[in-house]
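Below you'll find the structure, written out as structure tokens, and then a few comments.
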Number of protein chains: 2
Amino acid sequence: MWTDNQGAEPGAERPGSARRRATIHDVARLAGVSRQTVSRAVNDKGEIDPATKERVLEAARLLDYRPSRFARGLVQKGAVTAGLVIPDLRNPFFPEVAAGVLEAAEQRGWQVVVWDSRIDEARERQALDVLSHQADAVVGYFKGPDDVLTRHLGGVPLVLLERGPQQTRFAAVGIDAATGVEQGMNHLFRAGHRRIGMLDGVHGPGPRRLAFLEQARRLGLPVDEDWVVVCPEHSVAGGEAGMERLLAARPEITAVFGFNDLIAVGAMRTARRRGRSVPDDLAVLGFDGLSLGELVDPALTTLHIDKRRLGRLAVEQVARLRAGEEPLRGADAWVVPELVIRASA
Amino acid sequence: MWTDNQGAEPGAERPGSARRRATIHDVARLAGVSRQTVSRAVNDKGEIDPATKERVLEAARLLDYRPSRFARGLVQKGAVTAGLVIPDLRNPFFPEVAAGVLEAAEQRGWQVVVWDSRIDEARERQALDVLSHQADAVVGYFKGPDDVLTRHLGGVPLVLLERGPQQTRFAAVGIDAATGVEQGMNHLFRAGHRRIGMLDGVHGPGPRRLAFLEQARRLGLPVDEDWVVVCPEHSVAGGEAGMERLLAARPEITAVFGFNDLIAVGAMRTARRRGRSVPDDLAVLGFDGLSLGELVDPALTTLHIDKRRLGRLAVEQVARLRAGEEPLRGADAWVVPELVIRASA
DNA sequence: CGGTGGCTCGTGAACGTTCACGTGAGCGTT
DNA sequence: AACGCTCACGTGAACGTTCACGAGCCACCG
């Protein structure tokens, strides 16, 4: 619209005004050199006289010139940007996974743009819409089914976090819930517990709940679906609320298996508020291995997950996808939880 | 180097091989349409026959075509990418700040690429080197002085987190440490404490330590520099170690002011291990307001900071910088801590 | 039957950089 | 004096996409 400069009069610059960003041409003109020389100066390559270099840099400073990352990226390939979608940055679990992703990405020279979906499926899709345009690959937590993801993905490679191979066609990195839960249930069983409830975090029968039910069957425990309560959210408050309901429905329980550490901590708080001392009256077992678990009283027994490794593995999967290789599918794409016995169970 | 297609024979594609990425031209040729039509199909604009659109999309799928974000960005302006540099994702404080940044950025339609500097000045500079090339602005925590930052910034706007105006020429968002510390010290003083130590987190005399010393003077407390111990790191372990030293140097203290909540929690643990009960024998005051503080026993009294707001403010500063406006300088760019009294003090 | 308008599609240009060359000046060597 | 080499710098092309415009086609209306 603003077709100014119609005569191309020299010196017609209005420096302070909110005009378009200066380009390499503008700098070249102001410094009285060619584009290439400007390029040499700002990228400090050789083949340039120190004096002219200084002159060019001065001109660039004057015009507040910054090279366009788009024009640059267009001509010199190799800049990789990955997207990372995290459900909730306030749950300490996820920043740790993110740290693993960031670390592995940094090693490869990649950048990571992070998106906090805040456990909202709409925002999840929105993240995909944006990242599919701006990233070369996406890794993250998604609740939506494969076909929805595909639709919003536009062909960008995707690596799912915490999904098993039977749950998705996409490449994924998972947690070996079965093995973890088995360890935990064995521990509770050996400690004499026979009436064990579960505070789940998701509504459907996810891997952790399925594993829990299977282990309960294996150990001959009197457990069915109503020993499982779903917490309203993955947080301490959610665990507190869930525990209230579990205690009301099944007051006879002597142990509780938490979907994650936050929920387990909430369970401990409710138990104590209800007059049950942990671990004597009620044992509590977590799942995650947050460092938070060491700080609460009693310290939380939990199934520790190497979260950084989870993140690093995800980046490795992305690398495979990009290289056209087959992604890891079996146990190589799993992280196996490790039982950490502290005071709560 | 691989100058194939020297005759431009049609159908000379080798689909499965690791060749260069397909461009819009390739898709156009395969589908027998023009570039523009391909563009219309993949961006689903109007002005295209549904049948040809499907044909084009099929061709795109076949060639695994994805539009170049660089070429796109070059022609259609408006995609803003900000860089966020965080010192330590494992400290729960920072993910929360990041959440604020991400939230505000999302509202503006910006993306955020996150970098974890892991408290390493070299990595800090490295982050700047990359982000100055790939981001339109940078916000974050930096230890380096202004001139070092400038050198690695290449003209990209920068907003510093937790720096006061007297500490930098850059735009910044700070925490009103003076007001916060004053509240905290008043609280301790009113509770009868006269011998108060500090567990600092940084070596130089930062705002929190200066405010602490000033308040101590104001209240007439017998406090000088050796009542202040610097913890080796900003973590529970760091607080434990620092508290050991403080207790050894000044066993007469009745209260401790922690640089942040993690350090304060560490102080509580060491105090208890040393046989001092909190808060009866020793009061502990934190600074941050992590949700973690509610979970430890006794619950941590602390100066709560609205971390999300801090992050949102930082994004607002970036927006001002980009618009050519003056950044907020005074109290508008501060977050004022709020004393939250719980059990530990 | 000519004009008008709506679809569908194609063509050059532009976006801002870097790359691969090319060029000319200056200087030393034989 | 002719040649060759190095240094400093400039010139066209290319990167892959979208935008503005224009063209062809068919149908409908007066």
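The values are calculated or read from the model by the stated rules, or taken from the named source; none is laboratory data. Keep in mind it's a predicted model, so treat the numbers as computed, not measured. Methodologically, a virtual Cβ is constructed for each residue, glycine included, from the backbone with ideal geometry; neighbour enumeration extends over all protein chains shown. Please note that ligands, DNA and RNA were not included when accessible areas were found on the heavy atoms of the full protein model with its side chains. Shrake-Rupley method; radii C 1.70, N 1.55, O 1.52, S 1.80 Å.
Okay, here's what the table says:
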{"read-out": "Estimated vicinal HN-Hα couplings, Hz - the stretch B:278-291 in sequence order (Karplus 6.51, -1.76, 1.60; Gly, Pro = x)", "value": "9, x, 5, 7, 8, 8, 10, 10, x, 8, 2, x, 6, 5"}
{"read-out": "Karplus-derived 3J(HN,Hα), 6.51/-1.76/1.60, for each residue of the stretch B:113-126, Hz, glycine and proline x", "value": "9, 9, 10, 9, 7, 6, 6, 10, 5, 5, 5, 4, 5, 4"}
{"read-out": "Convex hull projection area averaged over all views, chain B, Cα basis, nm²", "value": "23.6"}
{"read-out": "Whole-angstrom gap from the stretch A:74-150 to the stretch A:215-258, using each part's C-alpha centre", "value": "33"}
{"read-out": "Net charge, A:Val80 excluded, C-beta distance under 10 Å - Lys, Arg +1, Asp, Glu -1", "value": "+2"}
{"read-out": "Label-point gap, in nm, between B:Asp226 and B:Glu325 - each point 7 angstrom along Cα→Cβ", "value": "5.2"}
{"read-out": "10 Å Cβ shell holding at most 16 others, DSSP loop, GluC sites (Glu not before Pro): longest site-free stretch of chain A", "value": "A:48-251"}
{"read-out": "Between 0 and 90°, nearest 10: helix A:50-63 axis offset from chain A longest Cα axis", "value": "70"}
{"read-out": "Fraction in percent of alpha-carbon pairs per bin - 10 Å, the stretch A:147-247", "value": "14, 35, 32, 14, 4, 0"}
{"read-out": "Estimated buried accessible area (total), pair B and A, 1.4 Å, Å² to nearest 100", "value": "4300"}
{"read-out": "Beta bridges per DSSP with both ends in chain A, % antiparallel, nearest 5", "value": "10"}
{"read-out": "Mean accessible surface per residue for the protein assembly as shown, computed with a 1.4 Å probe while every protein chain stays in place, in Å²", "value": "45"}
{"read-out": "Rg(Cα) / (2.2 N^0.38 Å) computed for the stretch A:19-124, rounded to two decimals", "value": "1.55"}
{"read-out": "Spatially proximal lysines relative to B:Lys45 (Cα-Cα < 16 Å; intrachain offsets below 8 disregarded)", "value": "B:Lys53"}
{"read-out": "Mean shadow area of the stretch A:68-124 over all directions, Cα convex hull, nm²", "value": "4.9"}
{"read-out": "For the stretch B:82-222, Kirkwood radius (reciprocal of mean inverse C-alpha pair distance, Å)", "value": "16.8"}
{"read-out": "Rg/Rh for the stretch A:209-302, where both radii come from Cα atoms and Rh is the Kirkwood radius", "value": "0.94"}
{"read-out": "Neighbour net charge for A:Cys231 - beta-carbon separation under 11 angstrom, K R +1, D E -1", "value": "-3"}
{"read-out": "Kirkwood Rh in Å, taken over all unlike Cα pairs in the stretch B:24-74", "value": "10.8"}
{"read-out": "Backbone HN-Hα couplings from phi across the stretch A:316-326 [Karplus 6.51/-1.76/1.60, Hz, Gly and Pro as x]", "value": "4, 4, 4, 4, 4, 4, 5, 7, x, 7, 6"}
{"read-out": "7 Å along Cα→Cβ, label-point gaps from A:Ile341 to other copies, nm, shortest first", "value": "4.4"}
{"read-out": "Inter-copy separations for A:Glu294, label at 7 Å along Cα-Cβ, nm, ascending", "value": "2.4"}
{"read-out": "Helix-only CD estimate at 222 nm, as mean residue ellipticity for the protein assembly as shown, using -39500 (n - 2.57) per DSSP H run (n ≥ 4)", "value": "-13000 deg cm²/dmol"}
{"read-out": "Stokes-Einstein translational diffusion, the stretch A:233-286 - Kirkwood Rh over all Cα pairs, 0.692 mPa s, 37 °C, in µm²/s", "value": "317"}
{"read-out": "Rounded to the nearest 20 debye, dipole of chain A from Cβ charges on Lys, Arg, Asp, Glu", "value": "480"}
{"read-out": "Cα-Cα pairs of the stretch A:200-248 separated by more than 15 Å (percent)", "value": "48"}
{"read-out": "Counting DSSP beta bridges with both ends in the protein assembly as shown, the antiparallel % (nearest 5)", "value": "10"}
{"read-out": "Long-range HN-HN contacts of A:Thr301 with modeled amide H, under 5 Å", "value": "A:Gly286, A:Arg342, A:Ala343, A:Ser344, A:Ala345"}
{"read-out": "Range of Cα positions in the protein assembly as shown per principal axis (Å), largest first", "value": "81, 68, 40"}
{"read-out": "Environment charge at B:Gly46 (Cβ cut-off 12 Å; Lys +1, Arg +1, Asp -1, Glu -1)", "value": "0"}
{"read-out": "Placed amide H near B:Arg195: partners under 5 Å, 5+ positions off or other chain", "value": "B:Thr254, B:Ala255"}
{"read-out": "Reachable lysines, given that their alpha-carbon falls under 20 Å from the alpha-carbon of B:Lys307 and they are not under 8 places away in the same chain", "value": "B:Lys143"}
{"read-out": "Distant-in-sequence amide H partners of A:Ala171 (H built 1.01 Å from N, under 5 Å)", "value": "A:Leu158, A:Leu160"}
{"read-out": "7 Å along Cα→Cβ, label-point gaps from B:Ala237 to other copies, nm, shortest first", "value": "3.3"}
